[in-house]
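Accompanying notes for the structure given below.
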Amino acid sequence: SKECGRGTFSYFDEKMNAKAAERLVMHSRLRQALGRDEFSLVYQPQVNMRTGRIFGAEALLRWTPRDGEPVGPSRFIPVAEESGLILPIGEWVIHEAFRQARRWRDAGLSMQVSINVSGLQIYRSDLIATLAAAQRDTGVPPRMIEVELTESTLVEDVHAAHEVLDALKRAGYGLAIDDFGTGYSSLAYLKRFPLNKLKIDRSFVTDVCSNAEDRAIARAIIQIARSLNLRVVAEGVETVEQAALLRRHGCHEGQGYLFGRPMAAQDLDGLLEARASG
Ligand code: C2E
Ligand code: CA
Ligand code: CA
Ligand code: CA
């Protein structure tokens, strides 16, 4: 009935208002978060599948408001992107990740640090200048840093992306495509962009042992990467069976709860020391 229809409409309307209100509140809290020192980075180990050695870590952003519960990045990053706040936040991430890379280097550890970069940072900021400033401040060589970008980011404006990626490559940074296989882009960019690595999205890894289609996709990604001379890393590896299968199919690197959860840098130090002495 009409009555019912209207009721349903206003219900969704209210829900949408609630969602918009929540975003507004989050936005104003996010705007203060940098000044209040509420962000931190955690690091998830990346291992060589053959040797099991930890060669690097992905820096993942965490937000713990002073007066509240931690908020996950999947919740606050979209809001930060929508509002442009991802630009100052992303800049903080870059500087902090370089500082950590410096600590590892000072400790005599060879650790590559991967940094997630949003499209806005490519198109609306001087990413190269930010990286150069962090490089100057810390003295960390660019080869110790890898930039992670998603496919959808690259196809937004292929020409502009190309210029930035070429500059990154010239400066010596590593370039990885994140969540590979989930975007809607063509494969043509694989040969056009100066990439180093593909990251197989977790959605293909989770059931790689039990689902023939996921396995076919994971294998195809590994083959594409290998034939283009790119490194390939599997995300979201949780079991030894997944790791063994991916390794057997030629996957170079792994990342996931099996090897370590995202953790504070000093906890990762403990893991690195244990490995070194054990
Ligand atoms: P991502 O870049 O794909 O990062 C991997 C996500 O998978 C992380 O979630 C990580 O904790 C999770 N993960 C890793 N291994 C496993 C596993 O074995 N099992 C399961 N179930 N999950 C695993 P997280 O930390 O919640 O980050 C979510 C997303 O937020 C990231 O996805 C990335 O897109 C974004 N993000 C995180 N930090 C930053 C940042 O500094 N800048 C930007 N622009 N985005 C970031
Ligand atoms: Ca990533
Ligand atoms: Ca990913
Ligand atoms: Ca993801």
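Of note:
- When the solvent-accessible area of region 179-219 is split by element, carbon and sulfur atoms take up 47 percent of it, the probe being 1.4 Å.
- Model label points for ASN196 and GLU82, set 7 angstrom from Cα along the Cα-to-Cβ axis, are 3.5 nm apart.
- Percent antiparallel among DSSP beta bridges (both partners in the chain, rounded to 5): 40
- Reported to the nearest whole Å, the Cα centre-to-centre distance from region 23-66 to region 226-278 is 18.
- Using R0 = 30 Å, the C-beta based FRET efficiency linking GLN266 and SER203 works out to 0.45.
- Packing here is the average count of other Cβ atoms within 10 Å per residue, and on that basis the peptides 147-155, 61-69, 134-142, highest first, run 147-155, 134-142, 61-69.
- Cα-centred dipole magnitude for the chain, charges only on beta-carbon of K, R (+1) and D, E (-1), debye, nearest 20: 640
- Given R0 = 51 Å, the distance between the Cβ atoms of ARG248 and ASP126 translates into a calculated FRET efficiency of 0.75.
- In the context of the full set of protein chains, residues of region 61-201 present 45 Å² of accessible surface per residue (probe radius 1.4 Å, heavy atoms only).
- Full extension of the chain segment joining ALA188 with ARG23 gains 55.7 nm, where the gain is 0.36 nm per residue of separation less the Cα-Cα distance.
- Dipole in debye (nearest 20) - region 167-275, about Cα centre, beta carbon charges: Lys, Arg +1; Asp, Glu -1: 700
- Relative packing of 101-108, 52-59, which averages over residues the other C-beta atoms within 10 Å, highest first: 52-59, 101-108
- Peptides 78-90, 21-33 ordered by packing proxy, namely the average of other Cβ atoms within 10 Å per residue, highest first: 78-90, 21-33.
The values are calculated or read from the model by the stated rules, or taken from the named source; none is laboratory data. Everything numeric in this text was worked out from a predicted model, so none of it was measured. All Cβ positions, glycine included, derive from the backbone under ideal geometry; neighbour counts span all protein chains shown. The area values use the complete protein model at the heavy-atom level, side chains included, leaving out ligands, DNA and RNA. Shrake-Rupley method; radii C 1.70, N 1.55, O 1.52, S 1.80 Å.
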